[in-house]
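Novice: Sharing a structure below in structure tokens format, with a few things to ask.
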Amino acid sequence: MQRRDFLKIAGMAAAGAPLAAQPQQSFLRPAASQDIAKTDFTLQIGPVTVELAPNRILSTIGYNGTCPGPLLRMKEGVPVTVNVVNNTDVPEFVHFHGLLIPSDVDGSEEEGTPPVPPHGSRKYQFTPTPAGTRWYHTHTMSMDDLHRGSFTGMFGFLVVEGANNPGQYDQEHYLALRDWEPYFTNQNMDTDDLDAVWPQPEKPSVLDTRPAGIEVASDIYSINDKALGAGEPIRVKRGDRVMFHFLNASAIENRHIALPGHKFNIVALDGNPVPTPAAMDVLMLGPGERIDAWVEMNQPGIWIMGAPEDPVREGGLGIVIEYAGQQRTPQWVAPPKSVWDYTIFGKPPSQLTGQSAPTEKLDMIFEKVPRGEGKFNTFTVNGKRYPHEQEFVLKQGTRYRLTFHNRTDDAHPLHLHRHQLEIAEIYGKPTSGVIKDTVVVPTYGRASVDFTADQPGLTLFHCHIQQHMDFGFKALLRYA
Ligand SMILES: [Cu+2]
């Protein structure tokens, strides 16, 4: 099927064509029906079909026959066993993203986690912490195979429940943003309108004008497993407070989300409560990032919540919000101009309390080598290729200030495993109290993050764009 045919189908559904009855997804079950005391989980890796729209059915690999995989709801501090059964012909790794757990169960080959063998199984046993919206996904390399790694359907939400779970809202939804049928292209697909507004202290005085290699792109999108208009709408009543847990599960690109006439009240980034909750018109999430935000439903109508970029939204990245008693075509209205800025949610550095100031510095300089490996770009960290044996050796108990120097023409979502990063400076602005595991550093931008080396064991750092990671954008931190 051609892309335009698919868009026609999704567009027809969005314009009010009858929607086929969909079985209620287990993924969207309200919290009340979850067994919060569960400590044993099984993930079966195998083929799944994803019905994005009635005439758009994809085959991929996923967990337990669904995509996204089941929501894993754990209790903070209560040990769990995740039994992973691999029904495929290749070794697999399940990474638990945002959890502070040992290297041997973190799910990264680089850190020494044993693989789940083909047609075999392996138990991951750990004590989940900290509380918040986490997620799990495959951590294999893809290289030039767009049917492997995070291009597959192997991802799902993981919620670690803390002692306090006030839940002062009328409903909650877990929404994973995805793209499908990736392909290689040498067109510049960048949609990052954010980059122009930020200082570019790392921009080289002489730009590298060598022709760039091919990158991965996609034109087909979904929220969870449905393209815009093809799934059930989210049904609300005026006055409802609806909590949304967003995840960018893309392997490829940063994404934006807006809901016409409504504001997102952001309470947590990467699952960690922010010091200064704030309302925003548009959300931005790099691959790997999560945002918890509630919306007060106070504009009756039928709306499209989705990507502000027309080709992305029309390609499927959206979902219909339907107020009770309303009958009309779902409406999209472009949001007011909005700049995503992590420091909005922080507090001034002077208010830093209870945290020792960092005593050691680490620097990472990122550079892109156009066509560094055949037709693919490669990346270096501090001018070197992975694995940086003596470059990043941590002293137990020490607090570090890690500065990212992005000397490339892309915004990169940078992820450190098994540790929490507190943003100290970004966009040339100091801040504190914003705790993340993945930080998008703008084009030619610089950011500093603080972390405490209190998780002994090999620790992987990488860009969460799969192709960048595979072609060099990673480093291994170790403890002395
Ligand atoms: Cu990257």
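The values are calculated or read from the model by the stated rules, or taken from the named source; none is laboratory data. Computed from a predicted model, the values in this text were never measured in an experiment. Using ideal geometry, Cβ is built from the backbone for each residue, glycine included, and neighbour counts are taken over all protein chains shown.
Novice: Can you name the number of the only condition in (1) within 23 Å of Y183 (Cα to Cα); (2) in a loop (DSSP other than H, G, I, E, B); (3) touching a residue at least 60 places away in the same chain (Cβ under 8 Å); (4) not β-branched (V, I, T) that P308 fails?
Specialist: For P308, the exception is condition (3).
Novice: Where in the range 47-152 are there strands (runs of 3 or more DSSP E), lying wholly inside it, with at least 3 residues that are touching a helix residue (DSSP H, G or I) at 6+ places or on another chain (Cβ under 7 Å)?
Specialist: 121-126
Novice: Can I ask one more? Output the strands (runs of 3 or more DSSP E) that fall wholly within the range 206-303 and possess 2 or more residues being touching a strand residue (DSSP E or B) at 6+ places or on another chain (Cβ under 9 Å) and over 30 Å from V369 (Cα atoms), or say none.
Specialist: Here the list reads 220-223, 234-236, 241-248, 255-258, 264-269, 272-280, 282-285, 290-296.
Novice: Among (1) away from the ligand (no atom under 16 Å from the Cβ); (2) in contact with a Ser or Thr (Cβ under 7 Å, 6 or more places away or on another chain), where does G372 come up short?
Specialist: (1)
Novice: I would also like to ask the following. Please identify the pairs in which a residue from the range 93-118 that is of a type outside the set (A, V, I, L, M) has its Cβ atom under 6 Å from the Cβ atom of a residue that is part of a helix (DSSP H, G or I) and crowded, with 24+ Cβ neighbours inside 10 Å, counting only partners at least 6 apart or on another chain.
Specialist: T113/D106
Novice: Those residues that are acidic (D, E) and surrounded by fewer than 19 Cβ atoms within 10 Å (Cβ to Cβ), I need them from the range 362-402; list them, please.
Specialist: D363, E373, E389, E391 - these are the residues of the range 362-402 that are acidic (D, E) and surrounded by fewer than 19 Cβ atoms within 10 Å (Cβ to Cβ).
Novice: Checking the conditions here, which among R255, R238 is at pLDDT 95 or above, under 28 Å from E161 (Cα atoms) and not small (G, A, S)?
Specialist: Details: R238 fails: under 28 Å from E161 (Cα atoms).
Just a single option satisfies the conditions, and that option is R255.
Novice: A further question on this structure: Can you name the number of the only condition in (1) more than 14 Å from F155 (Cα to Cα); (2) at pLDDT 95 or above that C67 fails?
Specialist: (1)
Novice: Within the range 219-257, restricting attention to residues that are of a type in the set (A, V, I, L, M, F, W, C) and within 18 Å of H137 (Cα to Cα), which residue is surrounded by the fewest Cβ atoms within 10 Å (Cβ to Cβ)?
Specialist: I252
Novice: Here's something else I'd like to know. Identify all residues within the range 420-449 that are of a type in the set (A, V, I, L, M) and within 18 Å of G288 (Cβ to Cβ); write none if there are none.
Specialist: Of everything in the range 420-449, those that are of a type in the set (A, V, I, L, M) and within 18 Å of G288 (Cβ to Cβ) turn out to be L421, I423, I426, V434, I435, V439, V440, V441, A447, V449.
Novice: Conditions: (1) over 28 Å from Y183 (Cβ atoms); (2) surrounded by fewer than 21 Cβ atoms within 10 Å (Cβ to Cβ); (3) within 15 Å of the ligand (Cβ to nearest atom). A475 meets all but one. Number of the miss?
Specialist: The one condition A475 does not meet is (2).
Novice: Scanning the range 302-318 for residues that are among the hydrophobic types (A, V, I, L, M, F, W, C) and under 15 Å from F264 (Cα atoms), which turns out nearest to the chain's Cα centre (by Cα)?
Specialist: Step one: list which residues in the range 302-318 are among the hydrophobic types (A, V, I, L, M, F, W, C), which gives 302-305, 307, 312, 317.
Remaining after also requiring under 15 Å from F264 (Cα atoms): 303-305, 307.
On the way: W303: 24, I304: 21, M305: 18, A307: 15 Å.
Step by step, filter the range 302-318, then rank; the result is A307.
Novice: For the range 324-337, enumerate the residues that are closer than 24 Å to I266 by Cα and surrounded by fewer than 18 Cβ atoms within 10 Å (Cβ to Cβ).
Specialist: Hits for the range 324-337 are Q331, V333, A334, P336, K337.
Novice: If L458 passes every condition in (1) buried (at least 18 other Cβ atoms within 10 Å of the Cβ); (2) under 23 Å from L269 (Cα atoms) but one, which one does it miss?
Specialist: With (1) buried (at least 18 other Cβ atoms within 10 Å of the Cβ); (2) under 23 Å from L269 (Cα atoms) applied to L458, the lone miss is (2).
Novice: Which condition from (1) in a loop (DSSP other than H, G, I, E, B); (2) farther than 23 Å from V216 by Cα; (3) within 16 Å of the ligand (Cβ to nearest atom) is the one that H405 breaks?
Specialist: In the conditions (1) in a loop (DSSP other than H, G, I, E, B); (2) farther than 23 Å from V216 by Cα; (3) within 16 Å of the ligand (Cβ to nearest atom), H405 misses (1) alone.
Novice: Condition check: more than 25 Å from T66 (Cβ to Cβ) and at pLDDT 95 or above. Does K263 satisfy that?
Specialist: yes
Novice: I'd like the full set of residues that are within 13 Å of the ligand (Cβ to nearest atom) and surrounded by 22 or more Cβ atoms within 10 Å (Cβ to Cβ), limited to the range 409-452. If you could, list the steps in order and put the result at the bottom.
Specialist: Within the range 409-452, the subset within 13 Å of the ligand (Cβ to nearest atom) is 409-415, 438-443, 445.
Listed by number, the residues that qualify are D410, A411, H412, P413, L414, H415, T438, V439, V440, V441, P442, G445.
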